[in-house]
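Below you'll find the structure, written out as structure tokens, and then a few comments.
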Amino acid sequence: MASTPEPEDGRELYALLHLSPDASDEEIRRAYRQYAQIYHPDKYLDPQMKEVATENFQRISDAYEILSDENKRQIYDIYGMEGLNSGLELGPKLTKPEEIKEQLERLRRRKEEEKLFAHARPNGSIIANFSVPQYLDGYGIMKGMGMSSEVELPVSKQNTVVVGGNLVVNGSEGTGAASTVLRHQLSSVSSIEFMATAGLRSVIGMQTSRQISPHSTATSGLAVSLRDGSINLSNAWTRQLSENAVGNIQLVLGDESSVSVGWQKKDEKSTATGEIKFGTNFFGATAHYVHRFSSKSHARVAGRVGSTALDFEIGGGRRISEFSTVRMMYNIGIQGVSWRFELHRAGQKLIIPVLLSTDLNALFVTSAFAIPSTLYFLLQTYVVKPYYLKREKQKTLEKMEGLSTQLTEARKAAKKAQKLLEPVSNRKKNRQLENNGLVITKGLYGNRKKIKESGESNEIDDDVASQVFDVTIPLNFLVTEAGQLKLHEGIKKSGIMGFYDPCPGDPKLLLVEYTFHGRKYKVMVDDYEALLIPQDIHQF
């Protein structure tokens, strides 16, 4: 059985009511009554004070509602607020943590399935072929056009239906086809697909795939043509050659028999692939290499050679938004010289090949490559790069301003909470002074390094003040009538009423200076560490 995940909120509800995770029902009720006496809105006439009291009273009421309910408390102890917010409802028979965990997992799986079913995944492309020589000869500039689209529709966690189609137009001729695929996941290591295509080539078939070892996968397929009854058989093997490299072999038997061997290597900065393919009446080899300069830009070099192709391609692309990438490629081969523009957005592609010339004139070939490359370089240097640098700087500033605003608001809320605690805190402090008991003279919570610096120098400059918070008032409030202060282990201290986190993500310390029976003491503890005072070892 998997280990139980720890709540990620630092058991904030326990911190809010100043309780141990093992607190009894009576301790929970007593803690709630204590804070309710402080924060009940009816105690205040001033509108601002009433507003602050109402907000904090709601927080402690919500905490009490959860911790006083046995089932809700069990869910919170296992999964934190995530478990409660998931909508899990328990019946009278579900009282054991194991049963709660099992029920919560079932609910999570159901929600994942609902999310899966709610979203179809569309993919498609549009290709528009342009020809400059054809246009100069007095014909239309559009040479041809193709469109394809498919939608992946999850039916269940094991079954997926893929519906697609394509249309191709060249001059006055056109073809089209529609296809449907049913994919069934037999197990975690095997699957089977059933396929049917209607159009110029009507085909039905099936394909199975199985992982035969941790590093190898085998695929077998059968396709039958409904037009002439011909059969094609295919087998493919893929193997992980190393951490970054994959090799594959494919064998096809039928009207277009062939054997191909391929290889791919991919790492953080580059991707390289190659393939050699031999058929009954053709052969060919392809290779391409992609180098990623950053997460936003890349360059690509590719080449093809064979009985029907001979060309070389070079170009690159850039991501212009979270889901969109533009590419420009330069191609030279037996067909002539051409450019190709591409726009990729999510699963959609717009591809525009432009044939510039069928003649391989050296001056034209050089110019067709140099002119757009120079324009791209100038555009990147003087327009795109400054724009992105400015935008990234603006995003960073906005993020910092947003975080600063959140911290400012959290600091104000903590100070308001302290303001309502202050009268009771002062009364407790004066009572301890009269009895020569425990009095907190200084309490600071925040960045570990800054806390240590302030503890050594006893001074707080502006840089330190922004990353630490004075918690003397709430600590004096938590001192018991017996003259003790106890903070529980495993509970993040920023959740305590009157505290807040002044430096999210940074290690934090709590510094406490106090007097007891006329002597001075000082102690520092980590964010989740227990604290019990007074103790003689804290004396200085």
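Here are a few things to note about the model shown:
- Note on region 431-540: enclosed strands (runs of 3 or more DSSP E) holding 2 or more residues that are in contact with a helix residue (DSSP H, G or I) (Cβ under 9 Å, 6 or more places away or on another chain) are 439-447, 468-470, 485-487, 508-516, 519-526.
Conditions (1) of a type in the set (D, E, K, R); (2) open to solvent by 20 Å² or more (accessible area, probe 1.4 Å); (3) farther than 21 Å from residue 488 by Cβ; (4) in a helix (DSSP H, G or I), marked per residue:
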{"position": "20", "(1), (2), (3), (4)": "no, yes, no, no"}
{"position": "33", "(1), (2), (3), (4)": "yes, yes, no, yes"}
{"position": "38", "(1), (2), (3), (4)": "no, no, no, yes"}
{"position": "50", "(1), (2), (3), (4)": "yes, yes, yes, yes"}
{"position": "54", "(1), (2), (3), (4)": "no, yes, yes, yes"}
{"position": "63", "(1), (2), (3), (4)": "no, no, no, yes"}
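- Here the condition is being more than 40 Å from the chain's Cα centre (by Cα) and within 19 Å of residue 422 (Cβ to Cβ); of 480, 515, it holds for 480 alone.
- Which listed residue, of 174, 87, 91, 83, is modelled with pLDDT of 80 or more and open to solvent by less than 70 Å² (accessible area, probe 1.4 Å): 174
- Residue match in region 240-257 (condition: outside any loop (DSSP other than H, G, I, E, B) and touching a His at 6+ places or on another chain (Cβ under 6 Å)): yes
- Annotation for region 323-334: at least one member residue is assigned to a strand (DSSP E or B), open to solvent by 40 Å² or more (accessible area, probe 1.4 Å), more than 28 Å from residue 279 (Cβ to Cβ) and among the aliphatic types (A, V, I, L, M).
- If you go through region 140-162 and pick out every residue that is open to solvent by less than 50 Å² (accessible area, probe 1.4 Å), more than 27 Å from residue 353 (Cα to Cα) and either part of a strand (DSSP E or B) or among the charged types (D, E, K, R) (or both), you end up with 6.
- Qualifying residue in region 262-270 (condition: among the aromatic types (Phe, Trp, Tyr), part of a strand (DSSP E or B) and under 27 Å from residue 301 (Cα atoms)): yes
- Top-ranked residue in region 430-455 [being more than 13 Å from residue 475 (Cα to Cα) and among the charged types (D, E, K, R); ranked as most open to solvent (accessible area, probe 1.4 Å)]: 434
- If you go through region 335-385 and keep only what is open to solvent by 80 Å² or more (accessible area, probe 1.4 Å), among the charged types (D, E, K, R) and under 17 Å from residue 313 (Cβ atoms), you end up with just 349.
- Residues that are open to solvent by less than 40 Å² (accessible area, probe 1.4 Å) and over 35 Å from the mean Cα position of the chain (by Cα) within region 177-219 comprise 177, 197, 199, 202, 203, 205, listed in sequence order.
- Within region 419-429, not a single residue is loosely packed, with under 15 Cβ neighbours inside 10 Å and at pLDDT below 90.
Yes or no, residue by residue, for (1) assigned to a helix (DSSP H, G or I); (2) in contact with a helix residue (DSSP H, G or I) (Cβ under 7 Å, 6 or more places away or on another chain); (3) modelled with pLDDT of 85 or more:
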site	(1), (2), (3)
311	no, no, yes
321	no, no, no
338	no, no, yes
355	no, yes, yes
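- With respect to the stated conditions, residue 476 fails to be at pLDDT 90 or above and in contact with a Cys (Cβ under 6 Å, 6 or more places away or on another chain).
- Tallying residues that are in contact (Cβ under 8 Å) with a residue 12 or more places away in the chain, within 42 Å of the chain's Cα centre (by Cα) and farther than 13 Å from residue 126 by Cα within region 341-372 yields 6.
- Qualifying residue in region 291-308 (condition: among the hydroxyl-bearing types (Ser, Thr, Tyr), part of a strand (DSSP E or B), out of contact with any Cys (no Cβ under 7 Å at 6 or more places or on another chain) and open to solvent by 50 Å² or more (accessible area, probe 1.4 Å)): no
- Scanning region 482-537 for residues that are of a type in the set (Ser, Thr, Tyr), farther than 19 Å from residue 441 by Cα and surrounded by fewer than 19 Cβ atoms within 10 Å (Cβ to Cβ) gives a single hit, 528.
The values are calculated or read from the model by the stated rules, or taken from the named source; none is laboratory data. The structure displayed is predicted, hence computed values, not measured ones. Methodologically, a virtual Cβ is constructed for each residue, glycine included, from the backbone with ideal geometry; neighbour enumeration extends over all protein chains shown. Heavy atoms of the whole protein, side chains included, go into the accessibility calculation; ligands, DNA and RNA do not. Shrake-Rupley method; radii C 1.70, N 1.55, O 1.52, S 1.80 Å.
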